[in-house]
1. Placing +1 on the Cβ of each Lys and Arg and -1 on the Cβ of each Asp and Glu in chain A, which of A:Asn164, A:Val327, A:Ile63 has its Cα farthest towards the positive end of the resulting dipole?
2. Considering Cα pairs under 8 angstrom that are at least six residues apart, work out the relative contact order of chain B and quote it in whole percent.
3. Which entries in the list A:Lys42/A:Lys120; A:Lys364/A:Lys410; A:Lys149/A:Lys231; B:Lys2/B:Lys214 go over 18 Å, if you measure between the two C-alpha atoms of each?
4. If R0 is 25 Å, what FRET efficiency do you get for B:Leu243 and B:Arg158 from their C-beta distance, rounded to 0.05?
5. ³J(HN,Hα) across the range A:228-233 via Karplus (A = 6.51, B = -1.76, C = 1.60, θ = phi - 60°), whole Hz, x for Gly/Pro?
6. Keeping the other protein chains in place, figure out the carbon and sulfur percent of the accessible area of chain B, with a 1.4 Å probe.
7. What is the distance in Å between the Cα centres of the range B:207-242 and the range A:253-311?
8. Find out how many positive minus negative residues lie around A:Arg189, taking Lys and Arg as positive, Asp and Glu as negative, among other residues whose Cβ is under 13 Å from that of A:Arg189.
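The values are calculated or read from the model by the stated rules, or taken from the named source; none is laboratory data. Just so we're clear, the structure is a prediction, and the values are computed from it rather than from any experiment. Quick reminder, even Gly has a Cβ in these numbers, built from the backbone with ideal geometry, and neighbours come from all protein chains shown. Keep in mind that these areas ignore ligands, DNA and RNA; they rest on the heavy atoms of the full protein, side chains included. Shrake-Rupley method; radii C 1.70, N 1.55, O 1.52, S 1.80 Å.
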Amino acid sequence: MKYLAILLNKLASFLLSLVHRGGSLPGQLALKVDANILKELKISCPIILVTGTNGKTSTSNLIASMFETAHKQVVTNRKGDNMRAGITTCLLKAASLSGVVPADYIVLEVDELNIPYIIKSLPVTALVVTNFFRDQLDRAREMEQLIQKVEEAIHDFDGTLILNANDPNVVRLKDAAVQADARYFAMERCEESKTVNKEASEGKFCPRCGGKLIYDFYQYSHIGEYHCENKDYETPATDVIGSVKSIRDRQFTWKDMEFHAPQGGLYTMYNCMAVLCVADFFHIDMQYAAKTFETMDVPDGRNEEFNFHGQKCVLNLVKNPTGANEVMKVIEEDQDDKTVLLVLNDHAQDGTDVSWIYDTFFEKLVNEKTVHIICSGTRCYDMALRLKYAGYKERIEVEENLEKAVASLKNADTTMYAIATYTALQPVRKLLRRNEK
Amino acid sequence: MKLKVCWMYHDIMDLYGDKGNMMVLTKRCKDRGIDIEIDTCAIGEKKDLSKFHLMFLGGGADKEQHMLIDDLLARKNNIQKAMDSNTFIFLVCGGYQLFGQYYIDANNEKIEGLKFFDYYTESGDNGKRCIGNIAIQCNLDGEEFMAVGFENHGGQTRNVATPFGKVIAGYGNNFEDKIEGFYNGKVLGTYMHGPLFPKNPKIADFVIYKSLTKEYPDLKFSDLLPLDDSLENKAKNQMLKRLHAI
Ligand SMILES: [Zn+2]
């Protein structure tokens, strides 16, 4: 059955490539023929899984590129197809008919809910976890249940955990994985660190005893340095810790070496620290990581810049409050006048519950520098109401028709920011591109 | 005029953007020249709830409900005193459940409720949850009108004698009964998130009015100055249309 499954996957991938399509259909077919196909693969190289709420695609892509820059052969699901079928598609495509996967490293981005299946199907060497935030609660259920699922899955894991030391919800995974080693990455206190934080909705209580977690400082959301009031839990000693040189210039250092983050924001530097922790663990020279950070293409919708009718327009994807808050911070940093387009959809991939907009600090847009806000999308009026109740007094325009909403942007003689939920991202890009100069 | 609000366990019971309800109360009071003061009450904090005009308790995950239940039960006499002295009580999701007899969570653990009312909550079969947009015809002291929200709960609340409204689209208290929430003139409990108030300004105003009557018993609902709710009504109607409720 193994041959048939691999053959079928290859054939389907080939046929799809003829019509310039990717996707996880080949893996779905292969799993139908042989549900245990992943277990039957012959893999002798290290396998690195990357999971977490935010930054898993970027981090996974950076790790894969870092190995490639170091002249290693890498198999990876770079398109972010991170469910069971997508991962199967990616591995079988690379495998020989006898099931050998020829690679120096396998790097897989894995959706949190698929960790149990993947970890029991493959000989995993290292599991990288970026962070845990509330994300589309109606699909992923409550975050606590999600973490418990991951904890159960790693109970027998005897590889290495590579964990964000500044996220207490991530660090607790080590308690669950008694046989595993752990390496920790973090960022030192910096210009953006705060001692109080209104954005933090997780990480309030100690995962060991339920006592209060006391923060020495917050970096963003509940990411920071903490200890339990009962002294049984704290930020662990870190193996790889970066220090910010300049958030604005995206510069940070580790061990006297200077790095330039591929995107703005402190959260990007955390992704980079995860990469450096992996590099350190596998004894890869840091210069390859540094080079990767410099040359990495920014994926669609992450501070993606357009020239729209002669003005700068920056497009961002938002999918949860924490990611959205980081986008707000980047906009707030811009001291110039600006016009903002917010596109809020509520299809399944966006999350059908839009209440997360009340956990996001749109208040950061509420000042006289934001001269005009245009709301669109299937829940455009909900978006406008959020701004109204945030106290925004300048011009709010609601335009149900996306094309008209984007057209309305071009009247702006300011910098423009477009923010879109998942299903709105590509349509907005197309409209911006169409009018790009 | 001044409205004094106590927001219970605001730091742990804050699921699904329910803090938006407090934003709406604040703006709608201020726009009418009514002072509003929102105080919070954490676990272990001393507070006489009967001194407030409104008490609000939102929703939280199972873990959070376990965490605060002892503290909440210890306040039972004080909450009774608050109700007896006409403090209005607004409860969402988890808060609503805890005012009943008991709640059985997703892991089949039983949490004893405050037992003020006869309703009780059990977990859905096979972990099934009531999730999605919801439209109800609510009835508040004889005022009937449509309301919209988003529900997301595993708990099935039964034995509600006086519901908040009749379900037009969605689930409500459970998969079968076609009724939503609880309202007895003094306490309003609901599964409706969204948050509830932004798209339902009339309910927000009703809660403001009911709360103020504690100190101003002659106040009528119609005494509240009308505000421009065109955006609110468009948001509400957009959803009602989609749910074929208008
Ligand atoms: Zn502790």
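1. A:Ile63
2. On the way: 515 pairs, mean separation 47.2, N = 246.
Worked out over chain B, it gives 19 percent.
3. Details: A:Lys42/A:Lys120 15 Å; A:Lys364/A:Lys410 23 Å; A:Lys149/A:Lys231 26 Å; B:Lys2/B:Lys214 11 Å.
Result: A:Lys364/A:Lys410; A:Lys149/A:Lys231 exceed 18 Å.
4. Working: r = 24 Å, r/R0 = 0.97.
Approximately 0.55, to the nearest 0.05.
5. 7, 4, 9, 6, 9, 7
6. Numbers: 4450 of 9430 Å².
Of the solvent-accessible surface of chain B, carbon and sulfur hold 47 percent.
7. 50
8. Values: positive: A:Lys194; negative: A:Glu188, A:Glu191, A:Glu192, A:Asp216, A:Glu225.
Surrounding charge for A:Arg189 is -4.
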